[in-house]
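Enquirer: Questions regarding the structure given below will be posed in turn.
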Amino acid sequence: MPVAASAIYFLNLRGDVLINRLYRDDVGGNMVDAFRMHIMQTKELGTCPVRQIGGCSFLYMRISNVYIVIVVSSNANVACAFKFVCEAVALFKSYFGGAFDEDAIRNNFVLIYELLDEIMDFGYPQNLSPEILKLYITQEGVRSPFSSKPSEKPVPNATLQVTGAVGWRREGLVYKKNEVFLDIVESVNLLMSSKGSVLRCDVTGKILMKCFLSGMPDLKLGLNDKIGLEKESQLKSRPAKSGKTIELDDVTFHQCVNLTRFNSEKTVSFVPPDGEFELMKYRITEGVNLPFRVLPTIKELGRTRMEVNVKVKSVFGAKMFALGVVVKVPVPKQTAKASFQVTSGRAKYNASIDCLVWKIRKFPGQTEATMSAEVELISTMAEKKPWTRPPIQMEFQVPMFTASGLRVRFLKVWEKSGYNTVEWVRYITKAGSYEIRC
Amino acid sequence: MALSGMRGLSVFISDIRNCQNKEQERLRVDKELGNIRTRFKNEKGLTPYEKKKYVWKMLYIYMLGYDVDFGHMEAVSLISAPKYPEKQVGYIVTSCLLNENYDFLRMAINTVRNDIIGRNETFQCLALTMVGNIGGKEFAESLAPDVQKLLISSSCRPLVRKKAALCLLRLYRKNPDVVNVDGWSDRMSQLLDERDLGVLTSVMSLFVALVSNHTEAYWNCLPKCVKILERLARNQDILQEYTYYGIPSPWLQVKTMRALQYFPTVEDPSTRRALFEVLQRILMGTDVVKNVNKNNASHAVLFEALALVMHLDAEKEMMSQCVALLGKFIAVREPNIRYLGLENMTRMLLVTDVQDIIKRHQAQIITSLKDPDISIRRRALDLLYGMCDVTNAKDIVEELLQYLSTADFAMREELALKAAILAEKFAPDLSWYVDVILQLIDKAGDFVSDDIWYRVVQFVTNNEDLQPYAAAKAREYLDKPALHETMVKVSAYILGEYSHLLARRPSCSPKEIFAIINEKLPTVSMPTVAILLSTYAKILMHTQPPDPELQEQIWAIFKKYESYIDVEIQQRAVEYFALSRKGAALMDVLAEMPKFPERQSALLKKAEDAEVDTAEQSAIKLRSQQQTSNALVVTDQRPVNGSLPVNQLGLVRMPSQNMEASSHDQGLTKENGTVSTVDPASTQSADILGDLLGPLAIEGPPAAAVSAEQNMVPGLEATPDAAGALALATVGDQSNSVQPIVNIAERFHALCLKDSGVLYEDPYIQIGIKAEWRAHHGRLVLFLGNKNTSPLMSVRALILPPTHLKMELSLVPETIPPRAQVQCPLEVMNLRASRDVAVLDFSYKFGTAMASVKLRLPAVLNKFLQPISLPAEEFFLQWKALSGPPLKLQEVVRGVKPMSLPEMANLFASLHLGVTPALDTNPNNLVACTTFYSESTRAMLCLIRVETDPSDRTQLRITIASGDPTLTFELKEFIKEYLIMMPASTPAAAAAAPAPAAAPLQPQSPITPAGYNDPGAMLAGLL
């Protein structure tokens, strides 16, 4: 495997080093100064995630208010490096209780050093699974060997875990109540022309699970996806049920999914890790149900006035509703003020992002809302460049709705002891980059 | 300040300061800008206080580096506020945010003027400060009299007058006409009597600017300046607050001395004595001390004094004192001082005759060559270069050569060039020169430009005594391992020509020489291969009686290269092969190269050009240039035995047999079925010339050179083309003794399409032109540059304007001083449309030669056009409104120079016709709109449509419409002219056409580019 990193740095937005770890000695300790000088303090930042300065490559990404910079001097595997960073961040988040920012790093120096030692060796990524690492890197106090009370729990055998057949699950778990939570989270990406024709549209979805199951359960998940259904009807030698089937593209599974069974039987069966994990990811490009339609009309009246009219229609079921709907209508930089009339929600002009921001907290299905605004512009000295008319952006969340139409048909749990389980299934659709040209 | 009262502003500033990062800051700024926009939009609700506050915020945002492109109106409007705080903001923000190019600054002129003529001093100061910072031409025109009044009024406080002087300086720089030369010299001399040092310092700044433009007018101020210096340096009669580290107002001292340098000499003996006394005092009283600031100040004064001393040609004694002082400086540890010392010594050297004194410091200077600081090393090198003469040349060049191997890479090229120049200039004997150059190439081959070895070859060719020595040396060098390619070139060339002179020496038989040269063949680059092939041919020729073995070897090589990828080498191989089979005829064809005509060294020229490029227009530099060029002229007169005139340039010694040979050869080729009439002999010679002479042949009219070379084409026909190119050149009488060195017609056509460039150039004068056009007015400036070291006399320029132009040429001076450039503005006004061209009748006298030319001035129809773009609907409306002749004319034009539509669009754009794409649905058509300005028509819209035929590019139909029948006609004819002849390319083609014919082996003949590039470079230097 190629090297992924020679050193890793965590910087705050000002460029101060919060924490760093050198894995190989082929880069100098001051290389991060080059990063600060040539990338952070120039406009280069955010243009390209990989830069080469003075024989070293800098791979960086920003997570909340922290820059994570990987420095390599050899021909490294960049994809591996970025995957490593993502996984490391997920790991830190699970240790810190969800947050990963400058303060979290400052509060957990020792822990981070410990983890950094563990997850990478001489530039080669190691085990990054939180479940396993939590077995032997704990945040609890150290028990003194002279302590009178013997330990309640046996010391977990990490080696066995890592090398065992089911490396992601500990044996001997016991829950009083056996529960499985399954969330289907989809985000819709859309680019629509001003005339309403769809230029680009896709859905990226993931299935998140949270398992609180005793023992070593075997789970089997059935979706209304095309391949699975066809295979099933083939096996059972009966015609496929009429109804909507979904074609999933680019499916990726968590390592716990038994791929041989997936290949032969097209069913998703797995022994889940304990706790929360991402079971699968997929993408859909055909037959997307758009939750919202947006009809903008923007008129420029002379040099100093503009009229903006935006109508938003919800096209999902009448019983459902969307939450946190935000419509951002871009306006020219020289906007002075705007007056609004809205049928629901609240709108205002935000000068820092040069947008009219219209927020609706709750948007029922099969309804529509309009905003009309009059925008006044100020005359400027700069040469009048025609306004570029950036697209309108939209944010929303629609619970219990999937833009792809994906449904869970069954989720079976089988365990030796044959206990009863409770399964919870949720659906939610969010806006990815939902853009409408105007 | 008033800021403390503005909470909003201080809150905003503290917000910004509390921002963690740039992004937050940007968000905060954008929010604030949005807020300001909102506030400015409802103008009614804005109190003066608020307005002031927001304008301050705008300034703060601007200072943070964000674009503030609105609200300028508010800032300007605050200028007219009655209260000081608002007015102050207005003035400050206006002078920060705006510059003179903003049109609406004009609106503020009146308010500013009211403040200037008002009685309130603080307002006056604010107004003067703003005008002094951003005042433009219009300000100059309307405010100059008032500012002058303030400056000379006795009732004003010094504070105001100080600012008025600086303000007037700005206005003068923007428009020199605002200060009337005659009236001002008296006032200036009064002003220089000023007792207040603050005012005096400002006035002196103004005076320096004035005197630099009109020295003669201010003669009467000279004694005053000396008085001021006396007062400062001798009497020290000034207030405590004007001393800086105990030095009485160093700024004023420096400025005064700078002003004095603009006067050619100081004639009045008593003034001169007084001045020298002061200078003496300054020279004596300055020393290196501990305090850096004091050092800086006193050295500033000292170096200015040195400059003045040099300028005044002081007595030898004083000069030696200066040099002694500088000698002390260059021995100091402090690098800055050492740098200044070296630099000033170099300057001193150029101006005065102090070489002997400077030579005493030679050792010290050579030590400086090893200084860790590269800028000091460079200065030292310059100085060594400057102080070199026949007596110390050997030492210095030796030193430079030694230093070369350890020198910085950044310096090596310069070092190599300088060493080569010195060796050439001051060589005690020529064999030493050859030694030095060969050493140079050996040590720093990468940094030796081709010019250097060309020069060696020239010398060797021209000096028969030198030839055996050079050949022996070259042979010696060939024995060395790891030879630089330049060395291979020069050795191969010299051995090719003169190896037969070595025949009796050991290991110098043709065979051995061939073997050792041939060793290098596989490793060298293509140009060198070409030279090596020539060398082989020459060796073959010199081997008498022919040695069959050698012949075989060489022929094998020629054969091998006959199919080489490079055409040049291929051709050489083929031709040499064919030639070498001729036996005896070979002797004549490949005879020894003739002597080169004596010409100024390309190296010296190069060095000279470099000096001109960096020259400032200061009095000292001007003089120093003269000095160096004189030196070059002197050193260039080297005794030569029988030099050839220029136009025989490059002819191979061609006895009558050669004609037979070539005709015989021609017959041969014809027999072979080829129609080519290229004579190998002549091409070969032109080709070697190309190698050797091309880059050197900078002097002499290129056209003549071209035609001369053309004569070598077999049959020796005179080519009418070349003559034609010359005939085009002058409009008027041909009886001129002075020939232009640029193609006048071409220059004229080029200038028709652009606004600045060279109009005319001959060996004595260069006329450049720079034009500005605004509606139907135009302003041309003629730059008359004297290229020589002696003045041009009885200069006369007469404009012969056509009826449609009104032209006014300002006075042209009778004489143009040496190496100077005179600017003559020419105002043009267009009355109506016409294609007639104005003519400038220009004449001058140089020595006894009288020259006169008639030049067409590029004030042509298209200069009064302004491209516009019309929206489709409006275009069609106008197009329909103008129907039928005479307002709309259509014509089918044939014989058009074929060009693609984008080319035509480019041509139109350069003619100021605004091509509007996509107006016509047919992609083969071109539609353009433009506005024509003249006094009779004012702004007149012209519409042009060109329909082309994609199958036949030589014909097209053109339709022109405008509101004026004459204009329509004239414009149509005008465009037609351009479409048919396309002057931009024709002259170039005419010039280029002979070149390939003359040197078919050399795709880019270096002669032509050198000739044409040169004037441009000259102009750039002069401008």
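The values are calculated or read from the model by the stated rules, or taken from the named source; none is laboratory data. Every value quoted in this text rests on a predicted model; they were computed, and no experiment measured them. Don't worry about glycine lacking a Cβ; one is built from the backbone with ideal geometry, like all the others, and counts go over all protein chains shown. Surface accessibility is based on the protein's heavy atoms, side chains included, excluding ligands, DNA and RNA. Shrake-Rupley method; radii C 1.70, N 1.55, O 1.52, S 1.80 Å.
Enquirer: Need a quick list: helices (runs of 4 or more DSSP H) entirely within region B:491-571 having at least 3 residues that are open to solvent by less than 40 Å² (accessible area, probe 1.4 Å) and polar (S, T, N, Q).
Expert: Passing ranges, in order: B:526-542.
Enquirer: When only residues in region B:206-238 that are acidic (Asp, Glu) and either part of a helix (DSSP H, G or I) or modelled with pLDDT of 90 or more (or both) count, which is nearest to B:Leu283 (Cα to Cα)?
Expert: B:Glu230
Enquirer: Shifting gears a bit: Taking the stated definitions as given, is B:Glu277 closer than 30 Å to B:Asn213 by Cα, open to solvent by 20 Å² or more (accessible area, probe 1.4 Å) and in a helix (DSSP H, G or I)?
Expert: Yes: the conditions hold for B:Glu277.
Enquirer: What's the total number of residues in region B:844-880 that are of a type in the set (A, V, I, L, M, F, W, C), open to solvent by 40 Å² or more (accessible area, probe 1.4 Å) and in a helix (DSSP H, G or I)?
Expert: Number satisfying all stated conditions: 3.
Enquirer: Let me ask you something else. Just the residues that are part of a loop (DSSP other than H, G, I, E, B) and more than 23 Å from A:Phe122 (Cβ to Cβ), please, taken from region A:73-101.
Expert: Within region A:73-101, A:Gly97, A:Gly98, A:Ala99, A:Phe100, A:Asp101 meet the criteria.
Enquirer: Criterion first (at positive phi, at the interface with chain A (Cβ under 9 Å from one of its Cβ atoms) and either out of contact with any strand residue (DSSP E or B) (no Cβ under 6 Å at 6 or more places or on another chain) or among the aromatic types (Phe, Trp, Tyr) (or both)) does B:Gly34 satisfy it?
Expert: So B:Gly34 does not fit the description; no.
Enquirer: Do we have B:Val29 as β-branched (Val, Ile, Thr), under 50 Å from the mean Cα position of the chain (by Cα), within 12 Å of another protein chain (Cβ to nearest Cβ) and assigned to a helix (DSSP H, G or I) here?
Expert: Here the answer is yes, as B:Val29 does meet what is asked.
Enquirer: Further question: Is there a residue being part of a strand (DSSP E or B), within 14 Å of chain B (Cβ to nearest Cβ) and open to solvent by less than 60 Å² (accessible area, probe 1.4 Å) anywhere in region A:324-333?
Expert: Yes, some residue in region A:324-333 is part of a strand (DSSP E or B), within 14 Å of chain B (Cβ to nearest Cβ) and open to solvent by less than 60 Å² (accessible area, probe 1.4 Å).
Enquirer: Would you check if B:Ser934 is among the small types (Gly, Ala, Ser), over 16 Å from B:Glu970 (Cα atoms) and in the same structural domain as B:Ile980 (by TED's automatic domain parsing)?
Expert: no
Enquirer: Identify, from the list A:Glu435, A:Glu376, the residue that is in contact with a strand residue (DSSP E or B) (Cβ under 8 Å, 6 or more places away or on another chain), crowded, with 16+ Cβ neighbours inside 10 Å, within 14 Å of chain B (Cβ to nearest Cβ) and in a strand (DSSP E or B).
Expert: The match here is A:Glu376.
Enquirer: Scan region A:335-354 and tell me whether some residue there is hydrophobic (A, V, I, L, M, F, W, C), over 30 Å from B:Met58 (Cβ atoms) and in contact with a Ser or Thr (Cβ under 6 Å, 6 or more places away or on another chain).
Expert: So far as region A:335-354 goes, no, none of its residues is hydrophobic (A, V, I, L, M, F, W, C), over 30 Å from B:Met58 (Cβ atoms) and in contact with a Ser or Thr (Cβ under 6 Å, 6 or more places away or on another chain).
Enquirer: Kindly establish whether A:Ser339 is surrounded by fewer than 16 Cβ atoms within 10 Å (Cβ to Cβ) and within 14 Å of another protein chain (Cβ to nearest Cβ).
Expert: Yes; evaluated as a whole, the condition is true for this residue.
Enquirer: If you scan region A:1-16, which residues turn out to be within 11 Å of another protein chain (Cβ to nearest Cβ), in contact with a strand residue (DSSP E or B) (Cβ under 9 Å, 6 or more places away or on another chain) and not in a strand (DSSP E or B)?
Expert: Those that are within 11 Å of another protein chain (Cβ to nearest Cβ), in contact with a strand residue (DSSP E or B) (Cβ under 9 Å, 6 or more places away or on another chain) and not in a strand (DSSP E or B): A:Leu13, A:Gly15.
Enquirer: Now a separate question. Looking at (1) in contact (Cβ under 8 Å) with a residue 40 or more places away in the chain; (2) open to solvent by less than 80 Å² (accessible area, probe 1.4 Å); (3) not acidic (Asp, Glu), can you tell me which one B:Asn220 breaks?
Expert: Tallying (1) in contact (Cβ under 8 Å) with a residue 40 or more places away in the chain; (2) open to solvent by less than 80 Å² (accessible area, probe 1.4 Å); (3) not acidic (Asp, Glu), B:Asn220 fails exactly one: (1).
Enquirer: Determine which member of the set A:Ala347, A:Ala369 is open to solvent by 10 Å² or more (accessible area, probe 1.4 Å), among the hydrophobic types (A, V, I, L, M, F, W, C), within 29 Å of A:Cys201 (Cβ to Cβ) and more than 14 Å from chain B (Cβ to nearest Cβ).
Expert: It is A:Ala347.
Enquirer: Looking only at region B:83-105, count how many residues are away from chain A (no Cβ under 14 Å) and part of a helix (DSSP H, G or I).
Expert: Residues that pass the stated criteria total 10.
Enquirer: On the given criteria, is B:Leu9 among the hydrophobic types (A, V, I, L, M, F, W, C), open to solvent by less than 30 Å² (accessible area, probe 1.4 Å), within 13 Å of chain A (Cβ to nearest Cβ) and in contact (Cβ under 8 Å) with a residue 12 or more places away in the chain?
Expert: no
Enquirer: Give the residues of region A:72-84 that are within 22 Å of A:Gly15 (Cβ to Cβ) and open to solvent by 10 Å² or more (accessible area, probe 1.4 Å), sorted by residue number.
Expert: The answer is A:Ser73, A:Phe82.
Enquirer: Here are the criteria: (1) aliphatic (A, V, I, L, M); (2) at pLDDT 90 or above; (3) assigned to a helix (DSSP H, G or I); (4) within 17 Å of A:Tyr9 (Cβ to Cβ). Tell me which single one A:Val69 does not satisfy.
Expert: Going through (1) aliphatic (A, V, I, L, M); (2) at pLDDT 90 or above; (3) assigned to a helix (DSSP H, G or I); (4) within 17 Å of A:Tyr9 (Cβ to Cβ) one by one, A:Val69 breaks only (3).
Enquirer: Pick from region B:438-490 the residues that are of a type in the set (D, E, K, R) and not in a helix (DSSP H, G or I): which of them is farthest from the chain's Cα centre (by Cα)?
Expert: Checking each candidate, the answer is B:Asp479.
Enquirer: Residue check, B:Gln20 against (1) surrounded by fewer than 14 Cβ atoms within 10 Å (Cβ to Cβ); (2) over 27 Å from A:Leu13 (Cβ atoms); (3) within 13 Å of chain A (Cβ to nearest Cβ), all met but one. Which one?
Expert: (2)
Enquirer: While we're here: Out of all the residues in region B:56-76, which are within 14 Å of chain A (Cβ to nearest Cβ), touching a residue at least 24 places away in the same chain (Cβ under 8 Å) and surrounded by 17 or more Cβ atoms within 10 Å (Cβ to Cβ)?
Expert: Result: B:Lys57, B:Met58, B:Ile61, B:Val68, B:Phe70, B:Gly71, B:His72, B:Glu74, B:Val76.
Enquirer: From the list A:Arg305, A:Arg361, pick out the single residue that is within 14 Å of another protein chain (Cβ to nearest Cβ), loosely packed, with under 15 Cβ neighbours inside 10 Å and farther than 17 Å from A:Gln393 by Cβ.
Expert: A:Arg305
Enquirer: Here is a further query. For A:Lys313, only one of the following conditions fails: (1) charged (D, E, K, R); (2) more than 14 Å from every other protein chain (Cβ to nearest Cβ); (3) closer than 28 Å to B:Lys41 by Cβ. What is its number?
Expert: For A:Lys313, the exception is condition (3).
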